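Each reported figure results from applying straightforward, stated rules to the coordinates on display, with no laboratory input. Everything numeric here is computed off the predicted structure, so don't read it as measured data. We place every Cβ from the backbone using ideal geometry, glycine too, and count neighbours over all the protein chains shown.
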Amino acid sequence: MRIKNLQLVNFRNYEKLYIEFNDNVNLLVGENGQGKTNIVEAVYMLSFGKSFRTNRDREIIKFNTDNLYAGGVYEKNGRNGMIEIMIGKSRKGIKVNKIPIIKLGELLGNMNVVIFSPEDLKLVKDGPKERRSFIDREISQIIPGYYSLLVDYNKILASRNRMLKGYNIDKNLLDVYDESLSVYGGKISLYRREFINKIAAISKDIHKKLTGEKEELTIAYKSQLDICENDDEHTLAEKLRNLLLEKRESDIEMRSGRYGIHRDDITISVNGLDARLYGSQGQQRTASISLKLSEIELIKSETGEYPVLILDDVFSELDENRQKLLVGNLDGVQMFITTAEHLHRNVLDMKNSTIFHIKNGAVVKTENGGN
């Protein structure tokens, strides 16, 4: 898929912007604070309905203005589509092909985007929450309805936790909460297991290629449910139901739900050793690159087209060898790359790129990368 253009009004430091993109490489060059990351933030928001930099929509609206607009045209499977987002002081609206959507799940999967930022290089050594977010974000792009399952599970979990923090514990209500958590959790666990199995196989092959067959990357699902390969959603639901019942008194004592799929994680090993504990920084970064590249390949296999890739200031964190390893595996992928200075000419195919020079919330110069 390709993003054809982007239009912004009162978005961060952009009063007005209309920009048409290269189908291959789009290099956004500028000093820090000039607005290059704001452009890729808008691209990401059109895909996910929210920023990757803040959870507060109000922060995205240009200072001293009351509302913003972001819209973009994309091509997917040979057809054009359009996504528009309007944010005001107290309202937010999203349209897909001029039709307002009611739930965020209706947006996800229309425009597939993968982002790789310096924070993603910490995916291996960060905590379980970041790895769960990685899993859930990508499944939501390829499985219709998965995001809604997550929303429902988290709403019930929040209600259960509020009761556990109170002084009156209604065990009959706990039964109701636990039954609902089990039903939703069984389905979510099944989707996660299948996703992780696919990512594990793809990333293993990619990692061998990146390391010249010297390292073997292993990804595995880590769950409190003791998940087996032949478990279906009903078996997984029953396992979660039994776990919640077994640990109920512990949850009541601790006044918090400490058991369930909201504690899921993945283990990442290199040559049989936990990469988080024993991997060097270089191994951890290469493993993160393998995971990101496997995301791209999985979306391609599930949807029939490569997603758009955002590389936000990630090259400043990688040596030239790893830059080449990353870009060398991205043939056919439309890329948006932000950088404070020109990349090494040996890293990118500059003949198929457009360079946008960004200054003070404006594109001050555009040039063909082959020049």
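Structural remarks
- Against the main long axis of the alpha-carbon atoms of the chain, helix 171-210 sits at an angle near 40°.
- Amide H partners (placed H, <5 Å) of LYS222, local residues excluded: ASP265, ILE266, THR267
- Checking the Cα-Cα distances for LYS98/LYS129; LYS95/LYS359; LYS122/LYS208; LYS4/LYS89; LYS222/LYS247; LYS98/LYS300 against a 23 Å cut-off, the pairs over it are LYS98/LYS129; LYS95/LYS359; LYS4/LYS89; LYS98/LYS300.
- Region 119-304 - charge dipole about Cα centre, Lys and Arg +1 at Cβ, Asp and Glu -1, debye rounded to 20: 600 debye
- Distance between region 310-333 and region 109-141 - C-alpha centres, whole angstrom: 17 Å
- Over the chain, DSSP H runs of length four or greater, each weighted -39,500 (n - 2.57), average out per residue to a 222 nm ellipticity of -13000 deg cm²/dmol.
- Dipole in debye (nearest 20) - the chain, about Cα centre, beta carbon charges: Lys, Arg +1; Asp, Glu -1: 1020 debye
- Residue with peak Gaussian network fluctuation, the chain [Cα springs, cutoff 10 Å], from LYS198, LYS36, LYS247: LYS247
- Label-zone membership for region 243-270, site LYS171, 7 angstrom Cα→C-beta point, backbone N under 14 Å: 245-253
- Where labels lie 7 Å past Cα in the beta-carbon direction, separation of ASN242 and ARG263 in nm: 1.7 nm
- Computed over region 191-330: relative contact order in percent, which uses C-alpha pairs under 8 Å that are six or more apart: 28 percent
- If the Kirkwood radius is taken over C-alpha pairs of region 33-103, then at 10 °C and 1.306 mPa s the Stokes-Einstein diffusion coefficient equals 122 µm²/s.
- Distant-in-sequence amide H partners of LYS4 (H built 1.01 Å from N, under 5 Å): VAL73, TYR74, GLU75
- Percentage relative contact order, the chain, counting C-alpha pairs under 8 Å, at least six apart: 25 percent
- For region 119-304: span of alpha carbons on each principal axis (Å, largest first): 59, 36, 29
- Comparing Cα centroids, region 221-246 and region 277-295 end up 29 angstrom apart.
- Among 219-227, 274-282, the order from most to least packed when residues are scored by Cβ within 10 Å on average: 219-227, 274-282
- Phi angles across region 303-314 convert, under the Karplus curve 6.51 cos²θ - 1.76 cosθ + 1.60 with θ = phi - 60°, into 3J(HN,Hα) values of 10, x, 9, 5, x, 6, 10, 9, 10, 9, 6, 7 Hz, Gly and Pro given as x.
- ASN5-GLU130 pseudo-label distance in nm [points 7 Å out on the Cα-to-Cβ vector]: 3.8 nm
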